[in-house]
1. Mind checking the full-extension length gain between residue 187 and residue 11? Use 0.36 nm per residue of separation minus the Cα-Cα distance, one decimal, nm.
2. Just to confirm my numbers, what's the Cα centroid distance between region 50-76 and region 217-275 in Å?
3. Between 26, 77, 158, which gets the highest mean-square fluctuation from a Gaussian network model of the chain, Cα cutoff 10 Å?
4. Quick check on the exposure proxy: order 268, 42 from fewest to most C-beta atoms within 10 angstrom.
5. Using the count of nearby Cβ atoms within 10 Å as a rough guide to exposure, how do 203, 62, 79 rank from fewest to most?
6. Once you place label points 7 Å from the Cα toward the Cβ at residue 241 and residue 153, how far apart are they in nm?
7. Quick check: residue separation of residue 38 and residue 69 times 0.36 nm, minus the Cα distance between them. What number comes out in nm?
8. Please give the FRET efficiency for residue 220 paired with residue 118, using the beta carbon to beta carbon distance and R0 = 30 Å, rounded to the nearest 0.05.
């Protein structure tokens, strides 16, 4: 079995997706389940986890509706206002749908790099555990010191690092990312997605050889048991096709045992997100 643990859907309009710049014009269209179904069929992927792209409860509800309509959508990583004093009510309402598996906030977009250390944000994180919801960490590598503090405040909360914490691949910089992600991996409640790497590299000139050292750091630090495959479709289309990224990951993990490869392709995501 193969599960894509990270992709997005949207009905495009410029007002709601202002982050899609002129340089990203390939993303300025609708990306819906019927479009993804064709991609995963070609790549031999059996199921997916849909991740929020807008910070609205309405989008979370829409993703859950899509998951109810399409069996191949195994789970949803939604958004809720974690800093709201009524976050528990929002979670109770949305988590009644069993396909809600996790919550994410776009921390990388916050002006304050220490936003995740706010008391109200941490109260929101603490509210996830009673609903058995994981938390997806979307950050740049510069946020890793604060992320270590966040994770240490919630030792019983499942965390999933998106896009290997976005190292500076375009600059071929391994440090200080390597030391910091390795430190984070010492926390047994943290998983990591092998995703989003091509868009941190040069979109036109990246090679698997350039990305391999970053993949190897993650595989060594977390071990296959806590690493999962993700495509980051359709954002990945800025730099690669769905099929090419799948083949690239196949190359990264080819030397691992069949059981270890199975963890990365599906079993880790099934465990972390209770699929």
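1. Working it through step by step, the gained length comes to 59.6 nm.
2. Region 50-76 and region 217-275 have Cα centres spaced 21 Å from each other.
3. Comparing 26, 77, 158 in a Gaussian network model of the chain, the most mobile one is 26.
4. 42, 268
5. Result, fewest neighbours first: 203, 62, 79.
6. 4.5
7. Length difference between fully extended and current span is 9.5 nm.
8. My answer for the efficiency is 0.35.
Quick note: the coordinates plus some simple rules give every number you see, no bench work behind them. Everything quoted here is computed from the prediction, not taken from an experiment. Methodologically, a virtual Cβ is constructed for each residue, glycine included, from the backbone with ideal geometry; neighbour enumeration extends over all protein chains shown.
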